[in-house]
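The values are calculated or read from the model by the stated rules, or taken from the named source; none is laboratory data. What you see is a predicted model; the values in this text were computed from it and never measured. Neighbour counts run over all protein chains shown; Cβ positions are idealised from the backbone, glycine included.
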Amino acid sequence: MILAYVPDLMDRSKVAAVADVTFAAQVDDLINLINGEADVVVVDLSRPGVLDAIPAIRSGRIIGFASHVDRPLLDAARTAGCTEVLARSAFFARVADLLEGG
């Protein structure tokens, strides 16, 4: 199961185009939906509350993406427990490969 918190509709459509994904409407919903069943969790790190929620995600790979210029946020996501942290452009260039088999 792939679970994602990607509120931007354009970004969401790119993710949905390559995999069967369950989207959380709010960051709090992300934690409630996981329930230990997600193989892959995708998060838009630039959204409020996401960084704080990462340590509570105890399921599968956690893939986070944000602007390449926001190095402190990308580094903080790694520290918080993201398995993979990518610049937004790199994430969308590889999204199909990243979500394959999830």
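A few remarks follow.
- Search result, residues across region 51-82 that are part of a loop (DSSP other than H, G, I, E, B) and either under 10 Å from the mean Cα position of the chain (by Cα) or hydrophobic (A, V, I, L, M, F, W, C) (or both): ILE57, VAL69, CYS82
- Residues within region 76-91 that are buried (at least 21 other Cβ atoms within 10 Å of the Cβ) and either touching a Leu at 6+ places or on another chain (Cβ under 6 Å) or farther than 22 Å from VAL21 by Cβ (or both), tallied: 2
- Residue within region 22-38 that is surrounded by fewer than 17 Cβ atoms within 10 Å (Cβ to Cβ), assigned to a loop (DSSP other than H, G, I, E, B), within 13 Å of the chain's Cα centre (by Cα) and at positive phi present: no
- For region 39-50, a residue qualifies if it is assigned to a loop (DSSP other than H, G, I, E, B) and not acidic (Asp, Glu), and the qualifying residues are LEU45, SER46, ARG47, PRO48, GLY49.
- Test for ALA19: is it over 12 Å from the mean Cα position of the chain (by Cα), surrounded by fewer than 16 Cβ atoms within 10 Å (Cβ to Cβ) and in a loop (DSSP other than H, G, I, E, B): no
- Candidates are the residues of region 1-16 that are in contact (Cβ under 8 Å) with a residue 60 or more places away in the chain, closer than 22 Å to ARG78 by Cβ and out of contact with any Leu (no Cβ under 7 Å at 6 or more places or on another chain); the one that is surrounded by the fewest Cβ atoms within 10 Å (Cβ to Cβ) is ASP11.
- Tally, over region 17-50, of residues that are without any contact (Cβ under 8 Å) to a residue 40 or more places away in the chain and β-branched (Val, Ile, Thr): 6
- Here ALA66 meets the list (1) modelled with pLDDT under 95; (2) surrounded by 16 or more Cβ atoms within 10 Å (Cβ to Cβ); (3) small (Gly, Ala, Ser) almost entirely, failing just condition (1).
- The condition (being buried (at least 20 other Cβ atoms within 10 Å of the Cβ) and either more than 18 Å from LEU99 (Cβ to Cβ) or charged (D, E, K, R) (or both)) is satisfied by just one residue among LEU73, LEU51: LEU51.
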